[in-house]
1. Of everything in the stretch 109-139 that's in contact (Cβ under 8 Å) with a residue 40 or more places away in the chain and in a loop (DSSP other than H, G, I, E, B), which residue is nearest to residue 194 (Cα to Cα)?
2. Hey, among 178, 142, which residue is touching a residue at least 60 places away in the same chain (Cβ under 8 Å), more than 23 Å from residue 68 (Cα to Cα) and out of contact with any helix residue (DSSP H, G or I) (no Cβ under 8 Å at 6 or more places or on another chain)?
3. Among (1) surrounded by fewer than 16 Cβ atoms within 10 Å (Cβ to Cβ); (2) in the same structural domain as residue 312 (by TED's automatic domain parsing), where does residue 187 come up short?
4. Being within 27 Å of residue 311 (Cα to Cα) and part of a helix (DSSP H, G or I) is the requirement here; does residue 95 meet it?
5. Pick from 12, 18, 32: which is closer than 23 Å to residue 201 by Cα and more than 18 Å from the chain's Cα centre (by Cα)?
6. Mind checking which residues of the stretch 281-305 are modelled with pLDDT under 95 and in contact with a helix residue (DSSP H, G or I) (Cβ under 6 Å, 6 or more places away or on another chain)?
7. With respect to the numbered conditions (1) surrounded by 14 or more Cβ atoms within 10 Å (Cβ to Cβ); (2) modelled with pLDDT under 95; (3) more than 22 Å from the chain's Cα centre (by Cα), which one is the sole condition not fulfilled by residue 46?
8. Return only the number of the condition from (1) over 20 Å from residue 352 (Cα atoms); (2) at pLDDT 95 or above that residue 269 does not satisfy.
């Protein structure tokens, strides 16, 4: 008999197959298997799928409601703004008139909506768990995209902090994120919970390199493959990876899978158009991604300088699940660095340091035993700490 009831509010969800949608769809599927009734309010898909969905459907036991919203492609800025505003308006109206009392789980996409959700939950006496995936506007300030002196940014920061204080629990996905939050909200130590990111253990398994369909399909058998897979977004440094391509380390093929606002930065950093040692592939559906993530000898992760505590690239968990060594170009005091140093599953190099990046690639290329050791360490750590089953138990303990 189902005892727990949860409402998840998320702009992105199934059938979109971007990182946040995949993570939350997977988590909700596991929660349903653990006698939890999960209802999801999401927008019409606009990332990897643009087919408008019926108002309601059941997927993996999850009751999904696609609220009225536009679904312009995410690459169009004005279209993306329309998508956010229309979904937010629909969410606010539906939540105001809802008579349910189940837990509300919400997160940082879109970044300002939690301010309103937490207020409505307070007046309607509904418990709200706030999942912090990206920190905005503070991350934008560190990137110098906005000024901390701007009156609207100051107001946003104040309203966001008040929203955090209203929530029943706040879940952060990094220890660096927890440290940042407690630095501005020290009285919240009992409320702020660290629960790491996760990956579907049934989707990703280590696959021998020469037997991998992705490797066979792209004729990469005789190459040392270094791969970046996922969003090339605001927090990522793609220019340094492009500079590594220009260095042309011997017999190394760089494979870039995915897209985002920083993909142009990557392409513009190439010395020549269509370099022979680089392969660019758009986002892949989950079934193909399951093969692609293990189709390399080393995998890249990036977080720009100063972004510790602001974001945690989720791709590292999939890399560990695939049993592949990680080369992480991230700040030393970031969650990614903590994981790699604790689990001995890769290298941590300073953001923007092209020489360190090339040295790490060359070391892994020359030492097969080192690659195997790091890959095995990552996989074992994944099985102990980061599977969706293990993380779902942590969320269930909050809900209960």
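1. That would be 133.
2. Just one listed residue meets the conditions, 142.
3. Unmet for residue 187, out of (1) surrounded by fewer than 16 Cβ atoms within 10 Å (Cβ to Cβ); (2) in the same structural domain as residue 312 (by TED's automatic domain parsing): (2).
4. In short, no.
5. Every option except 32 fails the conditions.
6. 284
7. (3)
8. For residue 269, the exception is condition (1).
The values are calculated or read from the model by the stated rules, or taken from the named source; none is laboratory data. As the structure is a prediction and not an experimental result, all values here were calculated from the model. For neighbour counting, all protein chains shown are included, and Cβ atoms are generated from backbone atoms with ideal geometry for every residue, glycine included.
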